[in-house]
1. Test of understanding: among B:Arg402, B:Arg367, which residue is open to solvent by 10 Å² or more (accessible area, probe 1.4 Å) and within 16 Å of B:Thr78 (Cβ to Cβ)?
2. Condition first: open to solvent by 50 Å² or more (accessible area, probe 1.4 Å), within 14 Å of chain B (Cβ to nearest Cβ) and either modelled with pLDDT of 95 or more or touching a His at 6+ places or on another chain (Cβ under 9 Å) (or both). Can you find one or more residues in the range A:14-30 that meet it?
3. Given the conditions (1) surrounded by 23 or more Cβ atoms within 10 Å (Cβ to Cβ); (2) modelled with pLDDT of 95 or more, and given that B:Arg153 satisfies all but one, which numbered condition is not satisfied?
4. Filter the range B:189-234 down to the residues that are under 20 Å from B:Gly396 (Cβ atoms) and either of a type in the set (Lys, Arg) or in contact with a Pro (Cβ under 7 Å, 6 or more places away or on another chain) (or both) and list them by number.
5. Looking at (1) open to solvent by less than 70 Å² (accessible area, probe 1.4 Å); (2) not assigned by TED's automatic domain parsing to the domain that holds B:Leu412, can you tell me which one B:Thr303 breaks?
6. Are any residues in the range B:100-121 over 21 Å from B:Gln337 (Cα atoms) and either among the charged types (D, E, K, R) or open to solvent by less than 10 Å² (accessible area, probe 1.4 Å) (or both), and if so, which ones?
7. If I filter the range B:52-61 for residues that are within 26 Å of B:Thr296 (Cα to Cα), touching a helix residue (DSSP H, G or I) at 6+ places or on another chain (Cβ under 7 Å) and touching a residue at least 40 places away in the same chain (Cβ under 8 Å), do I get at least one hit?
8. Going through A:Glu61, A:Glu48 one at a time, which residue ends up being free of Cβ contacts under 8 Å to residues at least 40 places away in the same chain and either within 25 Å of A:Glu132 (Cβ to Cβ) or within 12 Å of another protein chain (Cβ to nearest Cβ) (or both)?
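The values are calculated or read from the model by the stated rules, or taken from the named source; none is laboratory data. Just so you know, these numbers come straight off a predicted model, no measurement behind them. A quick note on method: Cβ atoms are made from the backbone with ideal geometry, for glycine too, and the neighbour counts reach across all protein chains shown. Remember, those area values only see protein heavy atoms, side chains included, never the ligands or the DNA or RNA. Shrake-Rupley method; radii C 1.70, N 1.55, O 1.52, S 1.80 Å.
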Amino acid sequence: MPERIIQARGMVKGRVTAPAFVCRRAFSFLGDVDMDTGEVIARGHEREGETIAGKVMIYPETKGSSGGCLVLMVLAKQGRQPAAIVLSKPADPNIVEGAILAGVPLLCEPRQDLIASVPHGAVVTVDGGRGEVRFDPSPA
Amino acid sequence: MKLTDSEKRMLSGEHGRVVAQAMDYLVQFGDAFGAERFVEVIYAHYPAEMSIYRGNVEDAVEYAATGARVRVPTTSSTLACDLDQWEQLGCPKKLADLQAQVVAAHRRMGVLGTYTCTPQWLGFVPPKGAYIIAVESSAIIYFNSVLGARTNRGGVFTRYSAVTGRYPLMGYLLDENRRGTHLFKLQLGPEDLRHEADYSALGFHVGALVGSEAPVFDRLPPSTPTQLLALGAALATSGSVTLFHAPGCTAEADTVEQAFGGARPKETHVVTRTELRAAYDRLTTIPDGGPIDFVTLGCPHYTLEQLRGVADWFRAAEARVHPDVRFWVCTNRMTKQAARWEGLVERIEAAGGRVVCDSCPVESHMRTSTCKEHGLKTPQVAAMVTDSCKMARYVGDLIGCRTALRSRDECLQAAVRGRLA
């Protein structure tokens, strides 16, 4: 099956290829994730026990007004930040600030529902400068 | 973004690496949101680095050591502890010592150590139309709405704006984004909107209905600055409101029509005392007559006049705070000095209360997450009475206590009785 290319709004530039980390619900950096390891620690979270470090996060929107930036900064200091972030909804300024400081490409508002179509763990390539998400929809 | 020659010089390193880095971040930020150009800001309210956030204070010290200096008058927001009374208020020494390190860093950078959520009470009152950048949701909405200055919800990047004097022209800086969106027809008499708590309840009710959009209040009576501050703080708590219009009280629109810029409201609601009562009830989880262990006034930080009101109440009541109750009235350290001069601090302390500066319960070590990190028992508060919806909402979530929303005088009565009347 040919690779799918989905257009999105590129907010923070950078191009990276990494496994997808897909969440169906809003993600809260302050509270959901361990700031030292990038492991999801929130009890009952759909991705509890998994780590966001080095992954392309795909989720609807960020919860919490100021946590995103602070946590991304702490994670980046330890090399445990996500590889990229793709949001379904318009990006809030706080997460954009964090992405810029942490050097994490960030996109939002993809033309197609990525949460529904990208399998968790599938290798995706995102380009924040061009506003593109590429992945191979055939199973690994 | 299109840069001026001056901005290009800043970006290219002509004013040093720190300014170039700051400009680079701001350009990325402006480009992300499609801003055409920068504007010059005349003032910044800076997010003071707090010791309850990992790496935050260390980052401030590091940044100050690079030689970074602010280019515009810059005040700073609250800290995680009262720098003078941290021990008496139960803050772990490690947290207090770390927090104290920001003072020297801010002095190096030229950031004024106001450590408050209400810099406007210290004379920082930008004129209508002025571009500024501020953190602290209750200050942001006050600057935008009551003063008609223009700011977005500042974040960590406020630091870079302070260092360059620039912010991208976007969001609430633009006329077309400053129009009202939702209409609230108030059917409230003077007895319904008497105390700051009433204004807070109004904001708490409306904020939840508008989310991040802009409410317009029809028939808000002539109101004092602290009443409008309470209204805004609550709007920014139950919603994430950045701007509201109340023709007759706020700066930009003289009529409801003007507030909407000729457009029709997306929604129209009526507000009666029933809705205000519902807001009170939503935030009151302490049963009537139930015991309490904490009373907080000063969210947002109190003025000198408000402190005088508290001191006068204790004198007239000839009463003391109940031994099982901690009573904090929060303000900033400059106002506390003025209050000391007036003999107000002495009176409040003699009655068993504390005038707390630099911080407040919400920003303190009492947060459940912070307590867990420092081996402190939780919850640090069982039942808090306050006249601020913002305080009630946040301590309920972050400290895990029961709360009650009451008028200032009722808060004081509860502090004395040790029970919710």
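1. Numbers: B:Arg402 fails: within 16 Å of B:Thr78 (Cβ to Cβ).
Going through B:Arg402, B:Arg367 in turn, the sole match is B:Arg367.
2. For the range A:14-30, residues open to solvent by 50 Å² or more (accessible area, probe 1.4 Å), within 14 Å of chain B (Cβ to nearest Cβ) and either modelled with pLDDT of 95 or more or touching a His at 6+ places or on another chain (Cβ under 9 Å) (or both): absent.
3. (2)
4. Within the range B:189-234, B:Val206, B:Ala233 meet the criteria.
5. Result: B:Thr303 passes all but (2).
6. First, pick out the residues of the range B:100-121 that are over 21 Å from B:Gln337 (Cα atoms): B:101, B:105, B:108-110.
Once the filter is applied, which keeps residues that are over 21 Å from B:Gln337 (Cα atoms) and either among the charged types (D, E, K, R) or open to solvent by less than 10 Å² (accessible area, probe 1.4 Å) (or both), the range B:100-121 yields B:Ala105, B:Arg108, B:Met109.
7. So the first thing to find is which residues in the range B:52-61 are within 26 Å of B:Thr296 (Cα to Cα), and the list is B:52-53.
Then keep just the ones that are touching a helix residue (DSSP H, G or I) at 6+ places or on another chain (Cβ under 7 Å); that gives B:52-53.
Still in the running and touching a residue at least 40 places away in the same chain (Cβ under 8 Å): B:52.
There is at least one residue in the range B:52-61 that is within 26 Å of B:Thr296 (Cα to Cα), touching a helix residue (DSSP H, G or I) at 6+ places or on another chain (Cβ under 7 Å) and touching a residue at least 40 places away in the same chain (Cβ under 8 Å).
8. Numbers: A:Glu48 fails: either within 25 Å of A:Glu132 (Cβ to Cβ) or within 12 Å of another protein chain (Cβ to nearest Cβ) (or both).
After applying the criteria, what remains is A:Glu61.
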